[in-house]
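Worksheet for the structure shown next.
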Amino acid sequence: IAVEGTNVHVVWEDYRLGAENREIYYITSSDLGRTWGDETRLTYAPEWSKVPKLTVSSRNGRSAKYLYLVWEDYREEYGPQIFFKRKDLQIRVAEERYFPLRVKVYPNPTQGSIYADFGTTVAKVTLYDPLGRKEKEVRWVNRLKLVLPAGIHFLYAEKGEQVVLQKIVVLK
């Protein structure tokens, strides 16, 4: 649950499609919960989408600008990942159906070369070290081959408001 002004936002994990197919749903109220809008299904995963967390941003006590949602998502070939969604609260439009950005990184862990396949063209891919320092940035790609030094790296990909973060382990 997240509240900004008189607006209440609620997300939950739902089993209505069967015990093996959990999805994330969203509903909002503009009058502190007296009445509610229509619920919206936010995830369309073949397996589980679970543990949704919701928050709103504001600056210096001003009205909220964004609603943020993160959740754990299990895809058959990708394994568990953390997904993110953002809604601009200054633009009062209905939520659009959203398909999260995915990345398949293999082999992971590796001993040098690693491949990243996004299945679509992404606007920007940035590689970070564990301290958050940028190691590399590439634009407009759908596949990557990376040769990395030993250690932990984080691949962060963006396409519009869709983002995905993947940990990469390179062994010595």
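Among the residues of segment 120-149, what is the count of those that are surrounded by 13 or more Cβ atoms within 10 Å (Cβ to Cβ), of a type in the set (A, V, I, L, M) and more than 21 Å from the chain's Cα centre (by Cα)?
2
Glu76 passes all but one of (1) modelled with pLDDT under 75; (2) farther than 27 Å from Lys124 by Cβ; which number fails?
For Glu76, the exception is condition (2).
Those residues that are in contact (Cβ under 8 Å) with a residue 40 or more places away in the chain and either among the basic types (Lys, Arg) or closer than 20 Å to Tyr106 by Cβ (or both), I need them from segment 152-162; list them, please.
Within segment 152-162, Leu155, Ala157, Lys159 meet the criteria.
I'm trying to understand the selection: among the residues of segment 44-72, which are open to solvent by less than 40 Å² (accessible area, probe 1.4 Å), modelled with pLDDT under 80 and either outside any loop (DSSP other than H, G, I, E, B) or within 14 Å of Arg102 (Cα to Cα) (or both)?
Hit for segment 44-72 is Ala45, nothing else.
Please state which of the following conditions Ile82 fails to meet, knowing it meets all the rest: (1) open to solvent by 70 Å² or more (accessible area, probe 1.4 Å); (2) at pLDDT 80 or above; (3) in contact with a strand residue (DSSP E or B) (Cβ under 8 Å, 6 or more places away or on another chain).
(2)
Under 9 Å by Cβ, and 6 or more places apart or on different chains, what pairs join a residue from segment 3-28 that is aromatic (Phe, Trp, Tyr) and assigned to a loop (DSSP other than H, G, I, E, B) with one that is modelled with pLDDT under 85 and open to solvent by less than 70 Å² (accessible area, probe 1.4 Å)?
Correct list of pairs: Tyr15/Asn21; Tyr15/Arg22.
Just the residues that are open to solvent by less than 70 Å² (accessible area, probe 1.4 Å), polar (S, T, N, Q) and modelled with pLDDT of 85 or more, please, taken from segment 8-43.
Thr28, Ser29, Thr40 - these are the residues of segment 8-43 that are open to solvent by less than 70 Å² (accessible area, probe 1.4 Å), polar (S, T, N, Q) and modelled with pLDDT of 85 or more.
Give me the pairs: first residue in segment 136-151 and closer than 17 Å to Ile168 by Cα and without any contact (Cβ under 8 Å) to a residue 40 or more places away in the chain, second residue open to solvent by 100 Å² or more (accessible area, probe 1.4 Å) and not in a strand (DSSP E or B), beta-carbon distance under 6 Å, and six or more apart or on different chains, which are they?
As it stands, the answer is Ala150/Lys172, since those pairs meet every condition given.
Could you tell me how many of the residues in segment 150-172 are in contact with a His (Cβ under 6 Å, 6 or more places away or on another chain) and open to solvent by 80 Å² or more (accessible area, probe 1.4 Å)?
Qualifying residue count for the region: 0.
The values are calculated or read from the model by the stated rules, or taken from the named source; none is laboratory data. Keep in mind that this is a model prediction, so the values were computed, not measured. Every residue, glycine as well, gets a Cβ built from its backbone with ideal geometry; the counts of neighbours run over all protein chains shown. SASA here: full protein model, heavy atoms, side chains in, ligands and nucleic acids out. Shrake-Rupley method; radii C 1.70, N 1.55, O 1.52, S 1.80 Å.
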